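Down below is the structure, laid out as structure tokens.
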Amino acid sequence: MHKTIEQIHERIRDGNARVVTAEEMPAIVAELGEKGALKEVDVVTTGTFGAMCSSGAFLNFGHAEPPIRMERIWLNNVEAYGGLAAVDTYIGATQQSDTLEAEYGGAHVLEDLVAGKSVELRASSHGTDCYPRRTITTDLLLENLNQAIMCNPRNAYQRYNAATNTTDRTLHTYMGTLLPGTGNISYSGAGVLNPISNDPQFRLIGSGVPIFLCGAPGMIVGEGTQASPAGGFGTLMVTGDLKQMSQDYLRAATMTGYGVTLYVGLGVPLPVLDLDVVRATAVRDEDIRVDILDYSVPGRSRPTVKNVTYAELRSGMVDINGEEVRTSSLSSYRKAREVAQELKSWVEKGSIRLTLPTRPIDTTKQAHPIHQTTPGPRVLDIMCRSVITVSENEEITTAAKKLLKGEANHLPVVNGNGVLVGIVTTFDISKAVANPGKAHLVRDIMKKKVITATADESVDIAVQKLEQNNISALPVIDHQQHVIAILTAMDLGKLFGGRWLK
Amino acid sequence: MKLLVNFSRGKGRKPIIAQVVRDTGVLINVERALIDSSEGEALIEVPDEQCKLVRDSMANLGANVRILEHGIHHDESECIDCGACISVCPREVFTFDEEWKLNVEEEKCILCGKCIDACPHRALSLPL
């Protein structure tokens with residue numbers, strides 16, 4: 001048995017359609033069975049409300065007298081793209097204000113426009129024969145724009161890996177505040193209500209399908225950027241009329257230490273055509289798995305701490321190595337429910353028309369990392385290989401002499417096997433000399449906790465270590481913890497003028 | 001009742017809290033404290049009926065004491081009920097109700113401020 005879109009439309013028109021949210025569907029399938037559910041339910045509505053950084057809007061301002069071809073454009077001091085001539089722009093959600101930085105950005109401009117507030121446009125041009133004007137400044141309301149079309153390249157992630165932090169300091173990430181020592185877990189996504197999780201084969205979700213976008217009728221453009229549906233991480237590119245949007249479903253936000261982002265409310269109605277749709281929409285939080293990644297690794301290969309379901313994340317606690325760790329959501333489940341409910345009423349009223357995709361999304365696609373032809377500078381490009389070390393059993397005076405001779409400020413300390421066990425600085429030695437006491441040997445005054453670098457590490461990572469620990473040198477070690485070089489703040493000077501490009 | 005006690009260096013060397021406990025016999029619960037070489041701040045909890053007694057005794061010893069009537073301020077119009085604050089709070093002030101709406105138990109709050117930065121929507125702030 002199967003139903004056609006036309007049959008569903010007919011039932012909607014007659015007021016006989018049964019529309020349910022994706023949260024209600026699993027219980028209905030459990031009660032009526034798959035065939036029963038197919039007969040009973042006509043449309044399942046989904047919804048999600050969370051941070052979707054890759055969002056923004058095309059705006060058309062209309063022409064001025066005399067006319068200007070805007071080349072550089074700011075809205076409330078947030079720069080917008082000036083390469084669309086002459087009075088078009090694209091304002092991206094994460095672009096930050098030149099003056100307020102992370103406290104105000106493109107997302108706030110969009111929210112202010114939707115809230116009916118006026119926004120200051122400032123633009124400049126070099127002036128041409130046809131567009132002689134060079135500058136313009138004016139206050140604009142959303143209603144003053146000819147078009148304000150939201151177009152979000154990467155929205156509605158199918159699911160998102162959760163985050164934790166095993167370091168001993170608090171991390172501020174796009175996944176929010178991560179407390180030290182696996183102090184909490186942060187996650188995002190609506191789980192059971194997530195649009196793509198209810199249609200992972202993209203049978204119903206594709207180009208041209210009408211959706212709920214920030215309170216306005218919108219549409220799926222097609223595959224989102226960085227979509228990786230083969231691995232269960234599909235995304236959507238979506239569009240909608242900003243002029244019809246509501247602040248209830250469009251909110252600017254700032255992730256401390258990361259930057260500005262936009263919270264987007266998005267829902268897709270799914271017509272229940274056959275048993276495959278029933279099975280897909282019967283998905284529960286318990287069925288959707290994500291990894292909890294350790295954000296202490298500042299690279300792409302973050303280790304997985306645990307694999308969990310949305311049900312576990314939503315329970316508020318996850319057991320990690322015998323300890324109960326509390327969870328926080330960054331997306332709002334309450335708002336996701338509101339989106340799905342609102343969309344449900346749209347479908348029931350017939351104010352949103354269901355269609356099948358006019359072009360399908362390739363479900364076999366997998367996103368790749370960037371093709372890097374020029375690697376950035378690595379520690380080995382600038383490190384100082386003529387490093388002097390001292391044995392932990394040497395006298396402090398020996399260390400002092402070595403520092404003087406090597407004109408260095410940092411002396412890595414090694415044990416009898418040449419393994420790094422500590423570090424002494426000119427400060428440590430001065431202190432020992434100024435306060436003569438029991439300390440005679442290097443090991444009595446050395447700092448045992450040494451922050452190190454590896455030769456193939458990116459210089460940016462090494463710089464971050466220097467900054468975070470407020471230090472000025474990192475011993476460079478090999479796999480056996482042998483000191484092979486040292487990287488000091490002075491070596492960073494080699495980066496200027498491209499001298500590291502040997 | 002919660003009291004916020006501030007003292008400066010010279011007086012910081014005096015055992016103000018211990019002194020007040022001995023003088024008044026009130027059992028003071030120190031919820032959080034930050035004391036360094038120049039100044040100190042402690043958030044203490046005392047039974048409501050002895051609040052004034054403790055405040056006056058501390059003030060007599062040179063401390064600056066303020067009665068805290070409110071915990072963290074929650075702006076419902078900015079809050080979107082995400083729950084980012086829930087796991088960063090050391091006192092479990094924030095929970096979800098059955099409708100996934102954020103519930104704030106102000107009286108548990110010790111005004112540590114950890115949730116303020118964790119809120120993506122700037123809906124949490126210290127009370128004035």
Report task. Tell me which of these A:THR235 doesn't satisfy, since it passes every other one: (1) among the hydroxyl-bearing types (Ser, Thr, Tyr); (2) under 30 Å from B:GLU76 (Cβ atoms); (3) out of contact with any His (no Cβ under 7 Å at 6 or more places or on another chain). Result -> (2)
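Quick one: which residue in A:ASN198, A:ASN184, A:ASN165, A:ASN161 is in the same structural domain as A:VAL238 (by TED's automatic domain parsing), farther than 19 Å from A:VAL325 by Cβ, in contact (Cβ under 8 Å) with a residue 24 or more places away in the chain and touching a Leu at 6+ places or on another chain (Cβ under 8 Å)?
Values: A:ASN184 fails: farther than 19 Å from A:VAL325 by Cβ; A:ASN165 fails: farther than 19 Å from A:VAL325 by Cβ; A:ASN161 fails: farther than 19 Å from A:VAL325 by Cβ.
From the options A:ASN198, A:ASN184, A:ASN165, A:ASN161, the qualifying one is A:ASN198.
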Query raised in the report: Of all residues in the range A:232-285, how many are in a loop (DSSP other than H, G, I, E, B) and within 14 Å of chain B (Cβ to nearest Cβ)?
Result: 4
Report summary line: Considering the range B:47-72, residues that are of a type outside the set (A, V, I, L, M) and surrounded by 16 or more Cβ atoms within 10 Å (Cβ to Cβ), and then whichever is farthest from the other protein chains (Cβ to nearest Cβ), we arrive at B:SER57
Query raised in the report: With (1) within 14 Å of another protein chain (Cβ to nearest Cβ); (2) touching an Asp or Glu at 6+ places or on another chain (Cβ under 7 Å) as the list, and A:ILE320 as the residue in question, which single condition is left unmet?
Result: (2)
Query raised in the report: Out of all the residues in the range B:114-128, which are away from chain A (no Cβ under 12 Å) and either of a type in the set (A, V, I, L, M, F, W, C) or farther than 29 Å from A:ARG337 by Cβ (or both)?
Result: B:LEU126, B:PRO127, B:LEU128
Report task. Could you figure out which of (1) within 27 Å of A:ASN16 (Cα to Cα); (2) modelled with pLDDT of 95 or more isn't true of A:ARG353? Result -> (2)
Query raised in the report: So, in the range A:400-444, of the ones that are over 21 Å from A:GLN481 (Cβ atoms) and of a type in the set (A, V, I, L, M), which residue ends up surrounded by the fewest Cβ atoms within 10 Å (Cβ to Cβ)?
Result: A:ALA434
**Report entry** Failed item, numbered, when A:ARG69 is tested on (1) surrounded by fewer than 17 Cβ atoms within 10 Å (Cβ to Cβ); (2) part of a loop (DSSP other than H, G, I, E, B); (3) among the basic types (Lys, Arg)
**Finding:** (1)
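Could you tell me whether any residue of the range A:27-49 is polar (S, T, N, Q) and surrounded by fewer than 24 Cβ atoms within 10 Å (Cβ to Cβ)? Don't jump to the end; show me each part of the working.
Start the filter on the range A:27-49 by keeping residues that are polar (S, T, N, Q), which leaves A:45-46, A:48.
From what is left, the residues that are surrounded by fewer than 24 Cβ atoms within 10 Å (Cβ to Cβ) are none.
No, the range A:27-49 has no match at all.
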Report task. Mind listing just one residue for me: the one in the range A:286-317 that is among the acidic types (Asp, Glu) and closer than 26 Å to A:PHE212 by Cα and, of those, farthest from the other protein chains (Cβ to nearest Cβ)? Result -> A:ASP287
Requested in this report: Select from the range A:72-95 the residues that are touching a helix residue (DSSP H, G or I) at 6+ places or on another chain (Cβ under 6 Å) and either part of a loop (DSSP other than H, G, I, E, B) or farther than 27 Å from A:ALA253 by Cβ (or both) and list them in ascending order.
Outcome: A:ASN76, A:ALA93, A:GLN95
Report summary line: A careful count of residues in the range B:73-94 that are free of Cβ contacts under 8 Å to residues at least 24 places away in the same chain and within 8 Å of another protein chain (Cβ to nearest Cβ) gives 4
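The values are calculated or read from the model by the stated rules, or taken from the named source; none is laboratory data. Just so we're clear, the structure is a prediction, and the values are computed from it rather than from any experiment. Here Cβ is always computed from backbone atoms with ideal geometry, including for glycine, and neighbour counts include all displayed protein chains.
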